[in-house]
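Here's the structure we're looking at; comments come further down.
The values are calculated or read from the model by the stated rules, or taken from the named source; none is laboratory data. None of these values were measured; they are calculated from a predicted model. All Cβ positions, even for glycine, are placed from backbone atoms using ideal geometry, and neighbour counts span all protein chains on display.
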Amino acid sequence: MLSLPSEINQQALADALNVSRSTVSRSFTNHPGIKPETRAKVFELASKWGYHHMQNRMSNTKQRNSEKSGNFAIIICSNVGEFNRDDYDSPGRLLLKGVSEYTQLENISQSVHFVSPSATSIRDIAYQSILKRLGGDLSGLLLMYPFPKKIVDVLNVQYSCVSLVEQRGAGAVNCVDVDHYQGIALIINELIKLGHKRIGFYTKHYEVEASWSLRRCGAYFEKMTQLGLPIYEKDMINISPQAIRSIEDSYDVAAKQIKDGVTAFVCAADHQAYDLIDALNKRGIRVPEDVSVTGFDGIQPPTEKVPLSTIKIPYNEIGFQAAKRLNDLVHKKFGPSQHILMGCTRLEGRTLDHPSNKKLHL
């Protein structure tokens with residue numbers, strides 16, 4: 001972890017990131033010659049260190065505060081340990097880069113707050129303590145990850161809100177998300193091209209219902225139906241509320257369905273796919289030799305893992321556009337809610353192959 005320098009300025013940022021000071025300066029002015037990845041790294045570190053590109057023009061703290069054009073709070077419905085797990089690249093951290101980029105450019109303050117998924121009421125101390133800390137200076141909220149519907153409904157009435165994922169059943173809240181159908185269609189088209197016909201869908205169970213997982217399953221169902229491919233309920237793992245399984249049981253079911261004829265599994269997320277691959281390997285099933293596995297996220301492959309065939313989500317752009325939409329709402333609160341879906345692309349990876357002609361002996 002980078003240590004905090006004695007003086008925080010653009011040169012310190014440049015030294016820490018091993019780039020030139022002009023690169024840092026141009027990142028803050030949104031110069032077209034700067035790569036998005038580089039700009040995102042600059043904004044992420046600046047946010048961590050509490051540096052703002054306008055502060056060298058301000059003579060004191062009072063003046064800095066008076067020139068702020070807003071105050072956004074990002075509430076993350078996740079356990080801190082899960083959000084910060086270091087074995088996988090965190091989609092949440094990637095989204096925060098895009099948010100930080102926009103707030104830096106627009107001179108907007110931002111703060112990040114975690115709330116446990118086990119908190120199901122706005123009266124819960126987890127929410128009350130956050131809202132109390134934010135006080136009356138709050139301009140708007142950005143909601144990251146699925147929240148209980150009744151929480152979203154209350155927050156959306158009290159504050160200007162934008163969600164960085166479509167919230168289950170909360171139709172009135174503005175959101176910016178990926179086009180789930182486009183991503184799943186790209187995956188299934190590739191599987192069909194390779195010769196797969198019996199394709200399963202895998203997800204894990206989450207404490208708060210994962211709306212993004214259900215939307216990807218819905219896209220899977222729609223695309224499979226459109227192509228006239230068979231869909232078996234037993235091949236869709238952890239979808240039915242009546243058939244939720246523990247993590248190890250879900251792996252056993254996946255192995256059983258592969259033995260029964262499933263030749264590919266579409267996983268709702270990359271981290272699920274990597275965990276499933278490890279679990280199948282322990283059960284004597286090889287990927288991609290015995291079964292193909294795909295993900296959905298496009299996170300950086302974990303160390304010593306085979307690169308996953310997956311869908312790359314434009315996290316930086318989603319975070320940037322969500323913050324922009326919130327800023328628009330702050331200045332024009334009333335109007336129809338918007339659901340903005342961003343396009344995605346397929347990453348090749350090495351976890352797909354033609355259906356195996358070998359019969360597995362499990």
Handout entry: Hits in the range 93-131 - residues which are over 18 Å from residue 151 (Cβ atoms) and under 16 Å from the mean Cα position of the chain (by Cα)
Key = 93, 94, 95, 96, 97, 98, 99, 100
Exercise for the section: State yes or no: is residue 191 assigned by TED's automatic domain parsing to the domain that holds residue 293, in contact (Cβ under 8 Å) with a residue 40 or more places away in the chain and within 22 Å of residue 316 (Cα to Cα)? Expected result: no
Exercise for the section: Please work out which residue is modelled with the lowest pLDDT, limiting yourself to the range 275-329 and to residues that are outside any helix (DSSP H, G or I) and basic (Lys, Arg). Expected result: 305
Handout entry: Matching residues in the range 205-229 - criterion: being touching a strand residue (DSSP E or B) at 6+ places or on another chain (Cβ under 9 Å) and within 18 Å of residue 262 (Cα to Cα)
Key = 217, 220, 221, 224, 229
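Here is a yes/no grid of residues against (1) part of a helix (DSSP H, G or I); (2) surrounded by 20 or more Cβ atoms within 10 Å (Cβ to Cβ); (3) free of Cβ contacts under 8 Å to residues at least 12 places away in the same chain; (4) among the charged types (D, E, K, R):
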| site | (1), (2), (3), (4) |
| --- | --- |
| 102 | yes, yes, no, no |
| 110 | no, no, no, no |
| 136 | yes, no, yes, no |
| 151 | yes, yes, no, no |
| 156 | yes, yes, no, no |
| 165 | no, yes, no, no |
| 172 | no, no, no, no |
Exercise for the section: Filter the range 138-149 down to residues that are part of a loop (DSSP other than H, G, I, E, B) and not aliphatic (A, V, I, L, M) and give me whichever is farthest from residue 114 (Cα to Cα). Expected result: 139
Practice task
Could you figure out which of (1) closer than 24 Å to residue 312 by Cβ; (2) touching a Leu at 6+ places or on another chain (Cβ under 8 Å); (3) surrounded by 23 or more Cβ atoms within 10 Å (Cβ to Cβ) isn't true of residue 200?
Solution key: (2)
Practice task
Kindly indicate whether any position in the range 231-244 is in contact (Cβ under 8 Å) with a residue 40 or more places away in the chain, surrounded by fewer than 13 Cβ atoms within 10 Å (Cβ to Cβ) and assigned by TED's automatic domain parsing to the domain that holds residue 188.
Solution key: no
Completion exercise
Within the range 234-274, of all residues that are basic (Lys, Arg), assigned to a helix (DSSP H, G or I) and over 13 Å from residue 201 (Cβ atoms), the one nearest to the chain's Cα centre (by Cα) is 256
